[in-house]
1. Just one of (1) basic (Lys, Arg); (2) over 14 Å from the mean Cα position of the chain (by Cα); (3) under 30 Å from residue 167 (Cβ atoms) trips up residue 347, so point out which.
2. Within region 484-491, is even one residue under 22 Å from residue 552 (Cβ atoms) and surrounded by fewer than 18 Cβ atoms within 10 Å (Cβ to Cβ)?
3. Answer yes if at least one residue in region 229-246 is on the phi < 0 side of the Ramachandran plot, in a helix (DSSP H, G or I) and touching a residue at least 60 places away in the same chain (Cβ under 8 Å), and no otherwise.
4. Of all residues in region 233-258, count the ones that are within 13 Å of residue 324 (Cβ to Cβ) and under 26 Å from the mean Cα position of the chain (by Cα).
5. From (1) free of Cβ contacts under 8 Å to residues at least 24 places away in the same chain; (2) of a type outside the set (Asp, Glu); (3) farther than 20 Å from residue 445 by Cα, pick out the condition that doesn't hold for residue 475.
6. Any idea which of (1) within 31 Å of the chain's Cα centre (by Cα); (2) surrounded by fewer than 18 Cβ atoms within 10 Å (Cβ to Cβ) is the one residue 587 doesn't satisfy?
7. Does any residue of region 315-322 turn out to be assigned to a helix (DSSP H, G or I), at negative phi and either within 24 Å of the chain's Cα centre (by Cα) or not assigned by TED's automatic domain parsing to the domain that holds residue 125 (or both)?
Amino acid sequence: MHMQDIWGYRLAERPTAKSHRPSHRAAVHGSTLNDVSYMATLEVAGKLDSIVSILKQCCDLSGVGPWAARYTSGVRTCQTHFYEVGSWPGGLIGPATAFWRSEADTILKKSPESVTRVLWIRMHPAVVQNVLSCLKIASSQISENDRPEIVDLSGDINAFELVGPRTSQVIHGALKLASSRPEVKQFWQALANARSPGNFSPGIIAGLTVHDPRLSYPPANSKVDETHPSAVTTLVPPDSRLARSEIWEQSVRDELRTPTYKKGQLDRRRSENLVPGTQLRPTNNDDKIPLLLIQHTISCGQTNSTTNHVSSQPLHGWTIILPPSWSMPFLSSLTHTGTRVVGFAARHHQRLETKSLHFPHDYVGCSAYTDMAAKQAQTERARWERTPKGKRVNYEALGTASPWVSDWDGLVGEHSPTTDTVMADLMPADHGPGSSPPITRKPWLFLYSDMNQLVQNLAGSPEESVIPTFATEINTQRTKRGLSAISIELVTELFGTAMVAVHVDMHGRGNPQDRAILYGCESDDVAASWKTGIESKELAASPFNHLPILGYVTSGGFSLQLGRGHGIAVVGLKRLIEMSKICQGKVLVRVRNLNSVVAPLGTVTLV
């Protein structure tokens, strides 16, 4: 594996194989495994009402939050976003996965009068300190007697992320169940005969207890029983009894921090078997490891497609939550089943293939994205400067204004970014007294659960009622969750600097790359000419300097699922609404890579 020092860890970036096609093939038809133990985990423990009041100040308000009854029972996970305290829709920090300890497990430990609920929040390590700070600020507003306890469990939880239709058989074959609960046995049987993890309820949580996987090494893949009637996966609904697990207990995790037997001791026990190769039988002294098995789905989340293009299929898999120090014993058994081990670059590619946002690459405006973009720009510029002038790209001749970092400030500023200027740090340039003043307006990424309907409403409204309509949508969600309404002046500022994520699908040839520029049109005549010459080579080669910039591609490449170029881009909300009015249907844009002189047409749809 190629390793990289990033986010405070030394992580596997990608296999030494020269192509990502084998990893994509394994994710679609087989199984891939990625060690995601670097993901941070925060534990919030306290009364349910106190925890919910904190979450409503920090989480996304446009969708169903972790405080909903479907999640508080502890039977499924909730995908949400964290924001600075009381600042929604602005102040985005990053995505997170939240799940509660099972109600059945909680009631067994405490009396109903003094129930202490526990919530785990898993997030990217780049934002853990920001989220922790926001949770503490929100909890400080609660009385000290009812204030929840917030603990950082980073380094105390290990995790594997498996993706692919064969992951259920991989887990069933590599692990041996040690629990005798009837609901667990029913789930384990359904897992063996599952065609895909997508057969289970989205986000379902199963609490299992398994034997030390080294006892049954080498494992054998479990196969679906084609003749038995149970070959069709038995419907296993989310159940609070199924989600019970001892891994929530700190004392249990501390006891399992060091395995009882080392590999050499197990090998000596195995050598004493009369028949070579016989698997060891578990004894009372062998470790029994509690874990959580969580179903996850990678998809764009769109229920209805607004284009005629073929939609990408989602990827399903399992996330295994383990006690500390047990990654290596589980890794040996899981990889011996033929699962392909991938790095964090494959996670980015999997989300690009499924048309879903990836953090931090597609979260423009977040501090994690800013840090990542700055480091990437420094690396690419150093490589460009080392290249001889005769072999490197001449950005000045191509009219590329920002070759290293996309000009997001200029995108939402008072003046429109153009392609006939050059970055000051790239080439020396004279700035006279008539040059544009520095831009102080900061862009922010606007995430909304029903973005398609919102943009349609704004595009269909008269110009004077666009901002009031936008303010009504925002303040309705804020007041519903107990937050104060935003003034019309602040809403006007937010509307002018808001950005939204979109899909970019190319027409015919064309492969959008990272930081590619999206050009819009300003008149109905230009939009009509684009519609009549969608795949025209003459149109792709026509001048684009006079066209306004709509946005930039944050993640792009050739999609192996779609069979054409595809990308995730971020565009200005105000300009997208203007383009929707002009195009009256599909929003057409011209896409130009930084090293290209042609700009073929593509279609933009909301994520």
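The values are calculated or read from the model by the stated rules, or taken from the named source; none is laboratory data. Note that this is a predicted model, so its numbers are computed, not measured. A quick note on method: Cβ atoms are made from the backbone with ideal geometry, for glycine too, and the neighbour counts reach across all protein chains shown.
1. Condition not satisfied by residue 347: (2).
2. Applying the first criterion (under 22 Å from residue 552 (Cβ atoms)) to region 484-491 yields none.
No, there is no match, as no residue in region 484-491 is under 22 Å from residue 552 (Cβ atoms) and surrounded by fewer than 18 Cβ atoms within 10 Å (Cβ to Cβ).
3. Taking region 229-246 and keeping what is on the phi < 0 side of the Ramachandran plot, we get 229-246.
With the extra rule that they be in a helix (DSSP H, G or I), the set shrinks to 229-231, 246.
Retained after the next criterion (residues that are touching a residue at least 60 places away in the same chain (Cβ under 8 Å)): none.
Within region 229-246, none of the residues are on the phi < 0 side of the Ramachandran plot, in a helix (DSSP H, G or I) and touching a residue at least 60 places away in the same chain (Cβ under 8 Å).
4. 1
5. (3)
6. So the condition that residue 587 fails would be (2).
7. In the first step, residues of region 315-322 are kept if they are assigned to a helix (DSSP H, G or I); the result is none.
No - not one qualifying residue is present in region 315-322.
Quick grid of which residues meet (1) within 19 Å of residue 23 (Cβ to Cβ); (2) crowded, with 21+ Cβ neighbours inside 10 Å; (3) not assigned by TED's automatic domain parsing to the domain that holds residue 298:
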residue: 325; (1), (2), (3): no, no, no
residue: 330; (1), (2), (3): no, yes, no
residue: 335; (1), (2), (3): yes, no, no
residue: 339; (1), (2), (3): yes, yes, no
residue: 362; (1), (2), (3): no, yes, yes
residue: 375; (1), (2), (3): no, no, yes
residue: 399; (1), (2), (3): no, no, yes
